[in-house]
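Working notes, beginning with the structure itself.
The values are calculated or read from the model by the stated rules, or taken from the named source; none is laboratory data. If you're wondering where the values come from, they're calculated on a predicted model, not measured in any experiment. Positions of Cβ are generated from backbone atoms using ideal geometry, with glycine treated the same way; all protein chains shown enter the neighbour counts. Quick note on the areas: whole protein, heavy atoms, side chains included, nothing else; ligands and nucleic acids left out. Shrake-Rupley method; radii C 1.70, N 1.55, O 1.52, S 1.80 Å.
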Amino acid sequence: MTTAGALLLVAFVIGLVGNAVARRLSNPVSKYRLLYGGVLLPFALVAYVVFRSMGFGPALLGSALATDASLVGGLVADFLELLAAGFVGLAAYAPTVRGVREARDIDLSTPRALARMARWVLGVSVLATLVLVPLEGGSSTLATMALLAAFVVVVQVAAPWVIPLLRSTRRPTDAAAERLDALRERAALTVRDARVLETDSEETASATVRGPPGYRRLFVTSTFLDALDDETAAALLAIQAGRLRARVLARTMATVLAAAVPLFVLFEDAGPALPLLGASVAAVLGGLLLTRRGVQAADDVAAERIGPDAVAAALERYAAVHGMEPSRRRVPNPLSRTPALGDRIDRLRAQATAE
């Protein structure tokens, strides 16, 4: 428990320092996103490794369950370790809520933000637990990778039902449903149904599509419906249609699996360390490059459907709603899944000029 307390304290300090730095930089909203993805999430993963290595779950259970032989005991122990790592992440996240609220000028209370994140942490911990126990069964590397790939596929197939467990959702009203139908037709986006994610306090205007072919579900935030006009909303939905056609999500998942294969082989002591690490890094860099190209292909699909100027304007409006300044890079970030937003806008403007 001493280690857990120390990790919580360090996480809180990291959040305080990160918040103090991000709020003073230019384009702070983008910096907060970088802080979450580049610092807070990795630290939570490190915390999980620490909890795992010290046997935190079995120690917390004690003799309540025979964790060495019981499947139920193993599930509970793994869940406790994941949940503890999630709480470490929440401790790091808590000090940043006020900074995000000020940077975006939104009415988001810290208790409400933490409650929303805690629900997400709980759900992800349950899902991750279900895959960890089979992976610990002493199977071969090939069998382990097959289980991991199957888990990724199952999660994607089940996403239309999983997301409502992790986030507050509702069916769109009749008026909103009619509007979404018209927007989807204009964007050439084919889905089975739609759900609205409640984001009134966060004011996040986003749209995403999840699910297998034949049962794809569109998730839009309440802010997406309230803050965006039809022209902007249709263009953003057209980008989602383009991402489906370019299989952007599949590229991301393939990158994760391709990078994981050499690491699993390495952990099994079945090969030389440096070549395997190099292969994993190469898979990450190559996969992210293909994913960025997929995002560009999706923008092209939307531009063909709606018009490049309209899509560029929609991305600018998206940035304005989120209080972001579209960033631009001379050299693409090799560790990013998407090109810089400003570069995407400039590329679309160039297409419009060339027409």
Check your understanding: Ranked from highest to lowest mean number of other Cβ atoms within 10 Å per residue, what is the order of the peptides 151-160, 77-86?
Key -> 77-86, 151-160
Review point. With labels modelled as points extended 7 Å from the Cα through the Cβ direction, what inter-label distance (nm, one decimal) is found for Asp174 paired with Val72?
Key: 4.9 nm
Point to revise | Kirkwood estimate for the chain, i.e. one over the average of 1/r between Cα atoms, Å | key: 22.2 Å
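With runs of 4+ DSSP H residues as the only contributors, calculate the mean residue ellipticity of the chain at 222 nm using -39,500 (n - 2.57) per run, divided by the residue total and rounded to the nearest 500.
Numbers: 15 runs with 250 residues, N = 355.
Result for the chain, helices only: -23500 deg cm²/dmol.
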Point to revise | Average accessible area per residue (Å²) across region 208-327 - probe 1.4 Å, nucleic acids and ligands excluded | key: 44 Å²
Practice item. State whether region 1-128 is rounded, prolate or oblate according to the following rule on the C-alpha gyration tensor (a ≥ b ≥ c being the square roots of its eigenvalues): a/c under 1.5 gives rounded; otherwise a/b larger than b/c gives prolate, and the remaining case gives oblate. Key: prolate
Practice item. Using the Karplus curve 6.51 cos²θ - 1.76 cosθ + 1.60 with θ = phi - 60°, work out ³J(HN,Hα) for each residue of region 26-35 in order, rounded to whole Hz, and write x for Gly and Pro. Key: 5, 6, x, 4, 5, 5, 5, 4, 5, 4
Revision key, fill the gap. Scan of the chain for trypsin sites (Lys or Arg not before Pro) in DSSP loops with at most 14 other beta-carbon atoms within 10 Å gives a longest site-free stretch of 25-191
Revision key, fill the gap. With Cα coordinates, the longest principal axis of the chain makes an angle with the long axis of helix 71-93, in degrees rounded to 10, of 50 degrees
**Study point:** Stokes-Einstein translational diffusion, region 225-273 - Kirkwood Rh over all Cα pairs, 1.306 mPa s, 10 °C, in µm²/s
**Key:** 115 µm²/s
Practice item. Using all C-alpha to C-alpha distances in region 304-355, build P(r) with 5 Å bins and read off the rounded percent in each one. Key: 5, 20, 26, 24, 18, 7, 0
Revision key, fill the gap. Unit-weight point scatterers at every alpha-carbon of region 152-237, Debye formula, q = 0.10, 0.15, 0.25 1/Å: log10 I(q)/I(0) is -0.23, -0.52, -1.33
Revision key, fill the gap. Of Pro272, Pro326, Pro164, the most mobile residue in a GNM of the chain (C-alpha springs, cutoff 10 Å) is Pro272
Review point. Which value, in debye to the nearest 20, describes the size of the charge dipole of the chain about its Cα centre when Lys and Arg Cβ atoms bear +1, Asp and Glu Cβ atoms bear -1, and nothing else is charged?
Key: 360 debye
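Could you check how much of the accessible area of the chain is carbon and sulfur, as a whole percent, using a 1.4 Å probe?
63 percent
Ignoring ligands, DNA and RNA, what accessible area per residue does region 84-125 give at 1.4 Å, in Å²?
Each residue of region 84-125 exposes 46 Å² on average to a 1.4 Å probe.
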Review point. Taking Cα atoms, how many degrees apart are the long axis of helix 308-321 and the longest axis of the chain, rounded to 10 and kept between 0 and 90?
Key: 60 degrees
Review point. Using modelled amide H (1.01 Å from N, peptide plane; none on Pro or chain starts), what sits under 5 Å from the amide H of Arg195, excluding residues fewer than 5 places away?
Key: Leu218, Phe219, Val220
